[in-house]
1. Considering only residues that are away from every other protein chain (no Cβ under 14 Å), touching a Gly at 6+ places or on another chain (Cβ under 9 Å), surrounded by 20 or more Cβ atoms within 10 Å (Cβ to Cβ) and of a type in the set (G, A, S), which ones fall in region A:211-233?
2. With the condition kept exactly as written, say whether any residue in region A:38-46 is more than 26 Å from the chain's Cα centre (by Cα) and crowded, with 17+ Cβ neighbours inside 10 Å.
3. Report every pair of residues separated by at least 6 positions or lying on different chains whose Cβ atoms are under 9 Å apart, first residue within region B:33-52 and assigned by TED's automatic domain parsing to the domain that holds B:S94, second among the basic types (K, R).
4. Failed condition for A:A107, given (1) under 29 Å from A:E34 (Cα atoms); (2) surrounded by fewer than 22 Cβ atoms within 10 Å (Cβ to Cβ); (3) of a type in the set (A, V, I, L, M, F, W, C); (4) in contact (Cβ under 8 Å) with a residue 40 or more places away in the chain, with all others met?
5. Sort through B:K144, B:K87 and tell me the only one that's assigned by TED's automatic domain parsing to the domain that holds B:V46, at pLDDT 95 or above and part of a loop (DSSP other than H, G, I, E, B).
6. Can you say whether A:G72 is surrounded by 19 or more Cβ atoms within 10 Å (Cβ to Cβ) and over 17 Å from A:F316 (Cα atoms), as far as the supplied structure shows?
7. Out of everything in region B:184-240 that is among the acidic types (D, E) and touching a residue at least 12 places away in the same chain (Cβ under 8 Å), what residue ends up being farthest from A:I275 (Cα to Cα)?
8. Scan the strands (runs of 3 or more DSSP E) fully inside region B:202-306 and keep the ones with 1 or more residues being closer than 30 Å to A:P255 by Cα and touching a His at 6+ places or on another chain (Cβ under 8 Å).
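The values are calculated or read from the model by the stated rules, or taken from the named source; none is laboratory data. Keep in mind the model is a prediction, meaning the values are calculated, not measured. A quick note on method: Cβ atoms are made from the backbone with ideal geometry, for glycine too, and the neighbour counts reach across all protein chains shown.
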There are 2 protein chains.
Amino acid sequence: MTTVREIRLKSRPSGLPTAENFELASVDLPAPGEGEVQVKNLWMTVDPYMRGRMNDAKSYVPPFQLGKALEGGAVGEVVASGDAGFKPGDLVQSNLGWREGFNAPAAQVQKLDTRGLPPQAFLGAAGMPGLTAYAGLLRVAALKDGDVVFVSGAAGAVGSMVVQIAKAKGHTVVGSAGGPDKVAFLKAIGCDHVIDYKAEKDLTAALLRAAPDGIDVYFDNVGGEHLEAALTAARPFGRFAMCGAISMYNATEPPPGPRNLFLVVGKQLKLEGFIVSTHWDMLADFHRDLAQWVKDGKVTWKETVFEGIEKAPDAFRGLFSGENLGKMLVKLG
Amino acid sequence: MTTVREIRLKSRPSGLPTAENFELASVDLPAPGEGEVQVKNLWMTVDPYMRGRMNDAKSYVPPFQLGKALEGGAVGEVVASGDAGFKPGDLVQSNLGWREGFNAPAAQVQKLDTRGLPPQAFLGAAGMPGLTAYAGLLRVAALKDGDVVFVSGAAGAVGSMVVQIAKAKGHTVVGSAGGPDKVAFLKAIGCDHVIDYKAEKDLTAALLRAAPDGIDVYFDNVGGEHLEAALTAARPFGRFAMCGAISMYNATEPPPGPRNLFLVVGKQLKLEGFIVSTHWDMLADFHRDLAQWVKDGKVTWKETVFEGIEKAPDAFRGLFSGENLGKMLVKLG
C-alpha cells in the first residue's frame, strides 16, 4: 500500500481562483490490478484552459467535479505493473496530473521515448505547444526555403517555438510581443526582428520596417490588428497559419474582422485555421527533429518550476499574473 | 485594300460614359506583311473593367489612349496571312476588339479550337469567367464528392458557371443573387436552393435554412455579409475560394471584415484568394470538360447581343444599367 497526495477542487472559483478553492488530500493506492499500472508522477503541467473546466458549464471538455482530483498533463514512472506492456521504470505520459501517483488502466498512459530530452519537456516544448508550432509552420503554412516568417504572440509557449523552429530551418523571422522582458527573451532566442507592439503606434508600419520586402508566412496567435498588419505586408501567395485569436478571448462581443481582408484575392493569399489534434500524426517527426535541434543548440525554452504537489494551486494561480516567461511546471518526483 | 471600321475613345468619360465619349472611324488595311495576319473580327466582348482603362490613371493595365481604337477580347477569322502558322479560315482569339478587322503580328493572336462550341462562347462561358469558376472550384476549393457548395453573385458570368459546373459534378448547390429575375434564372439552370438576398433580413438564417447541415465550399464573389454567413454555416475543414468582393468595389473606405473570422481556427477552414491568370494551365482541361457538359445539356449560358460595330458603345454603356442577364456581346461578322 502506497500513500499519495492529490489536489481536489473544493469549490468553484468566481473570477480568479483563490487558495480556498483547492484542497490537498491523501489517497491509499493498493497494488495495481490485472491490466493496470501504478505510476509515480514526476512532473505536472498547469495551463490556463483548466480555469474553464473549474466552472460548471458545458464546453468542449467536461467540467471538473467538486471533491475529485483535478486532471491535466503529467509525466511519471511506472512503479508497479499488472499489464504485460509496462514494467517498473518505464516513463509514461498521462492526463492524470494534480496527484503524486495513481493506479489506472494501462490504456490511460502512453510510453514516453524521450530521445534524450528531459521528461518535463513533453509537457511544453516537446508537447502540444511545440507540435502546434511545428505543424503550423511545416504543414499548414507549408514553409519553403527563403520564406520570411512573421509570428505574433512570439514570446508565448507556441510563439517561442515558432521563432526557433523557423530559425533552425534557416528563415528570417519577425516576432511581435509586448514589453521589454519579452523583447529581450525573443532577441536571446535568435529572433531577427522583434516588434514591441505595446511601444508601436502603427503596427503595420513597424512590420514593414522589419520586413521591407514583405512576409511570406504569418503564424497568427492573436488576430486583430496583427492580422491586418500581416495582410498588408504579405507577399503574393503568402500563407497564414491561423492558430488563435487572443485579441478576441475576452471580448464581450465579436470585434470586426480585418478591414483589408480583400487583399486575400489580389495577393492570392491562403488563410488556414488549424487545431493541433488534427496533426498528431506528425508527433514522431517532430520529436526526432526537436531532439536534433536541441542537441545542436538551436532550440531551447524556459521553465518556471514550483516544487511539491502542495504548490500546484499557487503555480496555477500564477499563470494569471502573466509575468512568467516560459512553461509553468510543478515538480512532483 | 480592305476598309474596316473601329471605335475610338474620343474623350474621357466622367462618371457613366455617354455616346459622345466614343467615335466611329474607318481604317484601310493593306495586305498583311511578313509575319503578320489579317483578321476579320466576328465577335467582341464589352466588360466593366474597360471603364477603368478609360480614365487617365495608373492601374494594373495602362489607360486607353484618346483618338486610338479601344481594346478588348475578340474572336475572328484569318482572311489573309503572311505567317506560315496561319491560313485563311483559321479562327483566332485576340485582345484587338472594338474593330471590324485588323492586321497584327501573328504572336498577337491565338488559334481557337472550338471543340464544337460557338466561337463567341470563348468570350464568356468558355473564356475567363468560365475558367475562373472551374479553377476556383476544382483547384482552389479542391471540390470533392459530397461537398455542399455555396456561391454568391450566382447569377453573374462567373457565378452561373460555378452553379452549373458544381451541379454537373453532382453537388448540392446554394446560390445567392438579388431580385426575382436572377432567382428565376438560377432555378432554370438547376441551382438547388436560391437565396434572394435582397428579400432576406438575415442572410445567415437564410443560408442555414437552405443548407441545414452546413456548407463545405464557399465560392465568394461579393465578400461582406455573404462571407460572414458562409463562415457561420461552414462545416469543419470547409474551403473558401475567394474570387472577388463586389461589396467593396464602390466603398469609399474599407468596410470592416467579417466579425466571425475567428471561426477559421476552430473549424479549421481554409480561405484562399485567387486570380484566373494563375490557372491558365487548366484551360485545355476546362475546354474538354465544358464541351462535354454542353453536349450533355448540363451547362448553358445567356447572351445579350448587339449587332454591328457602331452598337459597341451602347452595349458597353448597357453594362452599367445592370439589368442584362448573361454575357454582353457585340456581333461584328
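1. Looking only at region A:211-233, we keep the residues that are away from every other protein chain (no Cβ under 14 Å), and these are A:211-217, A:233.
Next cut, touching a Gly at 6+ places or on another chain (Cβ under 9 Å) only: A:214-217, A:233.
In the following step, the residues that additionally are surrounded by 20 or more Cβ atoms within 10 Å (Cβ to Cβ) were identified as A:215-217, A:233.
Result: A:A233, single match.
2. yes
3. B:N41/B:R99; B:L42/B:K331; B:W43/B:K331; B:M44/B:R99; B:M44/B:K331; B:T45/B:K327; B:V46/B:R317
4. Just one mismatch for A:A107, condition (4).
5. Details: B:K144 fails: assigned by TED's automatic domain parsing to the domain that holds B:V46.
When all the criteria are applied, what remains is B:K87.
6. Spelling it out, it is not the case that A:G72 is surrounded by 19 or more Cβ atoms within 10 Å (Cβ to Cβ) and over 17 Å from A:F316 (Cα atoms).
7. The extreme case among them is B:D196.
8. Output list reads B:215-220.
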